[in-house]
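Student: First the structure, then my questions, so here it is.
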Amino acid sequence: MQESHPEVLSSGAGLAAAVAVESGTGLGEFEPVRARGYWEQVWLRFKRDKVAIAGGVYIVFVVLAGFIGAPIAARILGHGPGDLFANGLNEKLLPVGPLTHVPYVDPQTGAHHVTFFVLGGDSQLGRDEFMRLLYGTQVSLEVAVGATLLSIFAGVLMGSIAGYFGGWIDTIISRLTDITMAFPLLLFIIALASTAGPRLDGITLGIFDRGVITLVIVLGFFGWYYPARIVRAQVLSLREKEFVEAARMVGASDARIIRSHLLPHLVAPIIVLSTISVAQYILAEAGLSFLGVGIKEPVASWGSLLAQGPNYYLTQPWLMVWPGLAVLFATLAFNLVGDGMRDAFDPRATH
């Protein structure tokens with residue numbers, strides 16, 4: 001017959017002490033366990049991905065450099081991205097190289113000054129490549145983020161409606177998605193740029209540069225199909241869950257079910273898709289501006305700066321290097337953050 005343990009069973013305090021010792025504390029005290037919330041667990045998993053953290057740090061650096069550093073640099077150097085300098089060319093009438101002091105005369109006072117071209121000149125117009133690269137960061141990010149927000153909003157709206165209601169509504173939206181996927185976007189943008197482009201580029205809302213709004217609308221309008229397909233697939237599986245049936249039983253409207261019960265479950269794929277979409281739209285802006293149908297001169301963007309490079313690829317090859325590296329590192333950073341967020345939102349991910 002087994003021996004009893006009166007020192008443990010005599011009171012609840014003794015039992016608690018025994019459990020505490022067996023748990024490994026060795027001090028007879030409980031260690032409280034704090035429950036972690038969903039977003040805290042996501043952040044803890046994301047922090048383990050050092051590559052994604054590095055990408056996020058670089059994105060913050062690029063945003064600060066473009067929107068805060070550019071005005072500060074313009075004030076320090078004393079000129080903007082569109083200022084022309086006759087001495088910004090060398091004796092061969094080519095753009096001056098990096099780290100060059102450029103003398104100029106103030107047209108208003110006639111005083112002689114010297115400015116500094118950190119990355120050299122951008123073209124035979126004698127503009128500062130460094131300043132245009134910083135201000136081009138603003139334009140490229142505005143186009144990419146704006147197009148992402150527009151495409152994600154339209155895609156989530158169309159995908160949630162199609163997945164939740166199904167039937168003929170789903171059929172119409174699905175066929176509209178197929179048409180949008182098959183539409184020749186590049187040919188449309190070329191035709192638009194040659195016809196109504198100049199008038200559309202004049203729409204700036206008072207805060208954007210010329211052409212930004214046009215690219216945001218065009219890229220966002222023709223890029224909603226991919227988010228719509230992902231959201232539709234998610235909603236199709238969620239609408240049969242018990243919590244949706246319970247919401248219907250208590251009389252919740254369809255709009256309330258979609259807004260309050262379905263959309264919160266779509267936050268994770270929406271965030272991951274958004275980060276990857278920004279990288280795609282940075283490349284799209286660079287490609288269209290390189291072809292001359294995106295952001296046009298004299299507005300600076302990474303794509304328009306790349307378009308100047310082939311004219312001097314034998315004499316000043318760095319004119320292709322600076323904007324090319326900007327596009328490369330920015331897209332890489334957003335993709336790395338997107339991959340890290342995808343793993344962080346997946347509780348089954350292992351590290």
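Student: Testing the spin-label approximation: label points 7 Å from Cα along Cα→Cβ at residue 84 and residue 263. State their distance in nm.
Tutor: 5.0
Student: Next up: What angle do you read, to the nearest 10 degrees and between 0 and 90, between the alpha-carbon axis of helix 267-290 and the longest principal axis of the chain?
Tutor: 10
Student: Now a separate question. Taking the Cα atoms of the chain, report the difference between the largest and smallest coordinate on each principal axis, in whole Å and largest first.
Tutor: 106, 60, 37
Student: Which value results when the Cα radius of gyration for segment 208-351 is divided by 2.2 N^0.38 Å?
Tutor: Numbers: Rg = 20.9 Å, N = 144, 2.2 N^0.38 = 14.5 Å.
Rounded to two decimals, the normalised Rg is 1.44.
Student: Also, I was wondering about something else. In nm, to one decimal, how far is the modelled label at residue 314 from the one at residue 250, with both set 7 Å along Cα→Cβ?
Tutor: With each label placed 7 Å out from Cα toward Cβ, I get 7.5 nm.
Student: When ranked by the protection proxy of mean other Cβ atoms within 10 Å per residue, highest first, what sequence do the peptides 336-343, 324-331 form?
Tutor: Working: 336-343: 21.4, 324-331: 18.1.
With the highest mean Cβ count within 10 Å placed first, the list reads 336-343, 324-331.
Student: Pick from 84, 186, 236 the residue whose mean-square fluctuation is largest in a GNM of the chain, springs joining Cα atoms under 10 Å.
Tutor: 186
Student: While we're looking at this one, here's another question. If r is the Cβ-Cβ distance from residue 179 to residue 113 and R0 is 51 Å, what FRET efficiency results, to the nearest 0.05? Don't jump to the answer; show the numbers that get you there.
Tutor: Numbers: r = 58 Å, r/R0 = 1.13.
It comes to 0.35.
Student: Restricting attention to segment 235-301, which GluC sites (Glu not before Pro) occupy a DSSP loop and are surrounded by at most 16 other Cβ atoms within 10 Å? Don't skip to the answer; put the middle values down first.
Tutor: Details: sites: 240, 242, 245, 285; in loops: 240.
Passing both the DSSP loop test and the Cβ count: 240.
Student: Dividing the convex hull volume of the Cα atoms of segment 62-204 by its residue count, what figure in Å³ per residue is obtained? Spell out each step's value before the answer.
Tutor: Numbers: hull volume 24.5 nm³, N = 143.
Per residue, the Cα convex hull of segment 62-204 comes to 172 Å³.
Student: Would you tell me the accessible area of residue 190, worked out with a 1.4 angstrom probe on the heavy atoms of the protein chains, in Å² to the nearest 10?
Tutor: Counting only protein heavy atoms, the figure is 80 Å².
Student: Can you tell me the dipole magnitude for segment 108-246 around its Cα centre, using point charges on the Cβ only (Lys, Arg +1; Asp, Glu -1), in Debye to the nearest 20? List each step's numbers first, then the result.
Tutor: Values: 9 positive and 11 negative charges, 40 e Å.
Here the size comes out at about 200 debye.
Student: Report the one residue of 147, 261, 98 whose Cα lies farthest in the direction of the positive end of the charge dipole of the chain (charges on C-beta: Lys and Arg +1, Asp and Glu -1; origin at the Cα centre).
Tutor: Comparing the listed Cα positions along the dipole, 147 ranks first.
Student: Also: Determine, for each peptide in 214-220, 135-141, 110-116, the mean count of other beta carbons within 10 angstrom over its residues, then list the peptides with the highest first. Write out the running numbers ahead of the final one.
Tutor: On the way: 214-220: 23.3, 135-141: 25.6, 110-116: 11.3.
So the order, starting with the most tightly packed, is 135-141, 214-220, 110-116.
Student: Between segment 86-153 and segment 245-321, how far is it from one alpha carbon centroid to the other, in angstrom?
Tutor: Using only Cα atoms, the two centres lie 25 Å from each other.
Student: Output the relative contact order of the chain, whole-number percent, from Cα pairs under 8 angstrom with separation of 6+ residues. Write out the running numbers ahead of the final one.
Tutor: On the way: 469 pairs, mean separation 71.4, N = 351.
Here the relative contact order equals 20 percent.
Student: If you don't mind, another one. Give me the percent of accessible area attributable to carbon and sulfur for segment 215-322, probe 1.4 angstrom. The partial results should precede the final answer.
Tutor: Values: 3330 of 5150 Å².
The C+S portion of the solvent-accessible surface of segment 215-322 is 65 percent.
The values are calculated or read from the model by the stated rules, or taken from the named source; none is laboratory data. Nothing here was measured: the structure is a model prediction, and the numbers come from that model. Every residue, glycine as well, gets a Cβ built from its backbone with ideal geometry; the counts of neighbours run over all protein chains shown. Areas reflect the complete protein model, heavy atoms only, side chains present, ligands, DNA and RNA absent. Shrake-Rupley method; radii C 1.70, N 1.55, O 1.52, S 1.80 Å.
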